Amino acid sequence: MDQWLGVMVMTALLLLLVGLPALWIYAHSDYVQRSRLAPEQPIQFSHRHHVAEVGLDCRYCHSAVETGASAGMPSSSLCLTCHSQLYADNDLFEPLRRSYAEGQPIRWQRVYRLPDYVYFNHSIHVAKGFGCVECHGRVDQMALVQLNQPLTMEWCLDCHNDPGPHLRPQDKILDPGWEKVAHPELKEYYQIRKQGLTDCSVCHR
């Protein structure tokens, strides 16, 4: 009996020593957190081409990023300001032409999706000095946009607990290639107070 008890204790310890780390690794894996996923889109839009090569400003397509909770998506008519002339007959743009003709928006697949019980506002983050790359990564280097951050509560709280290292000067917020430099004065400039930033009601309303 004592021998079996010893085996059971050793098995339980082994499960704790191996199982818990394995469970933690699994919970933080790309598979569970959906990082580095680039979902199939109706049109394989390349941010690398449009941002890095063509030089489009983020706000050209995401026009509400400075004023709304959502950054907004471009309408078909906006895309056609270029593509009614450029590659107009290419089969790649058939969904765009059909969308415009039918008056229906293109059904883009969301890359960043928060649960319904989480409130996030793009405009306040931009107004307070957070660059797009803090969450979205170097989209100017992505042929297809993929999830760059896990969007876990832990990840959000890390930033809310210490926002200073993530802040940029106002004229660098939309610059994906800006080399991050410490600007301790920016917390004061943007009037960011740590008190209250981690209150539940900030994100759960």
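How far, in nm, would the chain grow between A127 and D171 when pulled straight, counting 0.36 nm per residue and subtracting the alpha carbon separation?
Extending this stretch completely gives an extra 14.7 nm.
Taking springs between alpha-carbon atoms closer than 10 angstrom, which of G55, G129, G164 fluctuates most in the Gaussian network model of the chain? Largest GNM mean-square fluctuation: G55. Model label points for E53 and E40, set 7 angstrom from Cα along the Cα-to-Cβ axis, are 2.4 nm apart.
Give me the percent relative contact order of the chain, please, defined on Cα pairs under 8 angstrom at least 6 residues apart. Numbers along the way, then the final one.
Details: 210 pairs, mean separation 51.6, N = 205.
Computed over the chain, the figure is 25 percent.
Per residue, the Cα convex hull of the range 87-174 amounts to 154 Å³. What the Cα atoms of the chain give is an Rg and a Dmax of 22.5, 83 Å.
Just checking the listed ones, S46, S123, S84: in the Gaussian network model of the chain with Cα springs under 10 Å, the one fluctuating most is S84.
Taking packing as the residue-averaged number of other Cβ atoms within 10 angstrom, the listed peptides 165-172, 179-186 run from highest to lowest as 165-172, 179-186. Build a GNM of the chain with springs between Cα atoms under 10 Å apart, and of D140, D162, D91 the one that fluctuates most is D91. Ellipticity at 222 nm from helices only: DSSP H runs of n ≥ 4 in the chain, each -39500 (n - 2.57), divided by the residue count, give -8500 deg cm²/dmol. Of the chymotrypsin sites (Phe, Trp or Tyr not before Pro) found in the range 47-99, those that fall in a DSSP loop while having at most 13 other beta-carbon atoms within 10 Å are Y87. The range 136-203 and the range 89-114 have Cα centres spaced 30 Å apart.
Throughout, read-outs are computed from the coordinates displayed, never taken from laboratory work. What you see is a predicted model, and the numbers here were worked out from it, not measured in a lab. Neighbour counts are summed over all protein chains in view; Cβ atoms, including those assigned to glycine, are modelled from backbone coordinates with ideal geometry.
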